[in-house]
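Sharing a structure here in structure tokens format.
The values are calculated or read from the model by the stated rules, or taken from the named source; none is laboratory data. Nothing here was measured: the structure is a model prediction, and the numbers come from that model. Here the Cβ positions follow ideal geometry from the backbone for every residue, glycine too, while neighbour counts run over all protein chains shown. Note: areas computed on protein heavy atoms with side chains; ligands, DNA, RNA excluded. Shrake-Rupley method; radii C 1.70, N 1.55, O 1.52, S 1.80 Å.
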Amino acid sequence: MTFLELATALVFVAIPIALTLILKLGLERDIVIATVRSTVQLLIVGYILTFVFESESPIFMLLMIVLMIGAATQNIIKKGDGIPGITWMILLSLVVIETLTMGLMLGLGIIPFEPEKVIPISGMVIGNSMVLSLLFLNKFKDEVERSDEVIELILSLGGTPKVAIDRSLKNAIRTSMIPTVEAQKTMGLVQLPGMMSGLIIGGADPMEAVLYQLLILFLILTTASISATLVGYLAYPRLFNDKMQYVGLTYRKGKAS
């Protein structure tokens, strides 16, 4: 695809802009900003990846992964407002997930230690972890705010913080995992996944594309479970003080997160 052909494809941006103007949705500015940002960011990443792939240096490869983790962390912590120490919790969770999944893939010989394989798959793992962490934090904060009285009642009856928060925590974990599980039930029937489609468009054998896509689906299931669980069990103790008293989300008390 040439830049001219890409410019022609902007018609697919013009259509939603036209609709939002006609329906007076007020989203045209956001659509333009999103289009410009994604274009610039992806073009920059494209040039960076070209350099990294050609250099074949593990140092540049690791730096690229660190950059992705840093960007994902910065995006997630916005949703963690009110939970003290959320930054290091998110950072630790992403590092653990990336280390675990990539360590298993490389250790079991599923993929070779090459930038062309490690960086794209790491991007999918980190990106999916980011989305799932955002879903979890949004639901967890909502659950906590709606369960204030129940949590305090359980504590007053001698329950531990873990028992008091258990229902809210597990509800949030379950809710954040449901979209991933449900999406995989119809994979291949209702939709052809992005990685598989991209490989086929790029000329890869369809069965090879399917195998790589299945690998990604299995990884996404792992990130779906680990992301929410890690963030949840790291975050909930911060809602209680040293005396096991419930203090809730700090922004509700006028404190900074």
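Roughly to the nearest percent, how much of the accessible area of the chain is carbon and sulfur, given a 1.4 Å probe?
On the chain, the fraction of accessible area on carbon and sulfur atoms equals 67 percent.
Would you tally the net charge around Ile86, using a Cβ to Cβ cut-off of less than 11 Å, leaving Ile86 out, and scoring K and R as +1, D and E as -1?
With Lys, Arg at +1 and Asp, Glu at -1, the neighbours total +3.
With every protein chain kept in the model, how would you rank Lys139, Lys243 by accessible area, 1.4 Å probe, largest at the top?
Output order, biggest surface exposure first: Lys243, Lys139.
Another question, if that's okay. Can you tell me, using C-alpha contacts under 8 Å and at least 6 residues apart, the relative contact order of the stretch 79-144 as a whole percent?
For the stretch 79-144, the relative contact order is 41 percent.
Just order 164-176, 98-110, 16-28 by mean Cβ neighbour count inside 10 Å, highest at the front, would you?
164-176, 98-110, 16-28
Normalised by the empirical 2.2 N^0.38 Å for globular proteins, what value does the Cα Rg of the stretch 12-109 take?
Dividing the Cα Rg of the stretch 12-109 by 2.2 N^0.38 Å gives 1.49.
I would also like to ask the following. Determine the equivalent ellipsoid of the stretch 2-59 by diagonalising the alpha-carbon gyration tensor, then write out the semi-axes as square roots of 5 times the eigenvalues, largest first, rounded to whole Å.
Each semi-axis is the square root of five times an eigenvalue, giving 33, 13, 6 Å.
Tell me which residues come under 5 Å, amide H to amide H, from Phe240 once H is placed; ignore anything under 5 positions away on its chain.
Val247
Now, a different point. For Leu63, Leu137, give me the order by solvent-accessible area with a 1.4 Å probe, most accessible first, ignoring ligands, DNA and RNA.
Leu63, Leu137
For the chain, what's the relative contact order in percent, using C-alpha pairs closer than 8 Å and at least 6 residues apart?
Contact order relative to length: 23 percent.
What value, in deg cm²/dmol to 500, does the helix sum -39500 (n - 2.57) over DSSP H runs of n ≥ 4 give at 222 nm once divided by the residues of the chain?
Rounded to the nearest 500, it is -25500 deg cm²/dmol.
Straight-line reach from Lys78: which aspartates and glutamates fall under 19 Å, measuring Cα to Cα and dropping same-chain residues less than 8 apart?
Lys78 reaches Asp30, Asp142, Glu143, Glu145.
What does the charge dipole of the stretch 57-239 about its Cα centre add up to, to the nearest 20 debye, if the Cβ of each Lys and Arg holds +1 and the Cβ of each Asp and Glu holds -1?
240
Follow-up question, since we're still on this one. Once the other residues with Cβ under 13 Å from the Cβ of Ala18 are scored (Lys, Arg +1; Asp, Glu -1), what is the net sum?
0
Now a separate question. Can you give the Kirkwood hydrodynamic radius of the stretch 50-159 from its Cα pairs, in Å with one decimal?
So the Kirkwood estimate lands at 16.0 Å.
Next question. Helix 11-22 versus the longest principal axis of the chain: what angle, 0 to 90°, nearest 10, using Cα atoms?
Result, in degrees: 50.
According to the Cα gyration tensor, what semi-axes, each the square root of 5 times an eigenvalue, does the equivalent ellipsoid of the chain have, listed from largest to smallest in whole Å?
37, 24, 19
How far, in degrees from 0 to 90, does helix 115-146 lean away from the longest principal axis of the Cα atoms of the chain, to the nearest 10?
Roughly 30 degrees between the two axes.
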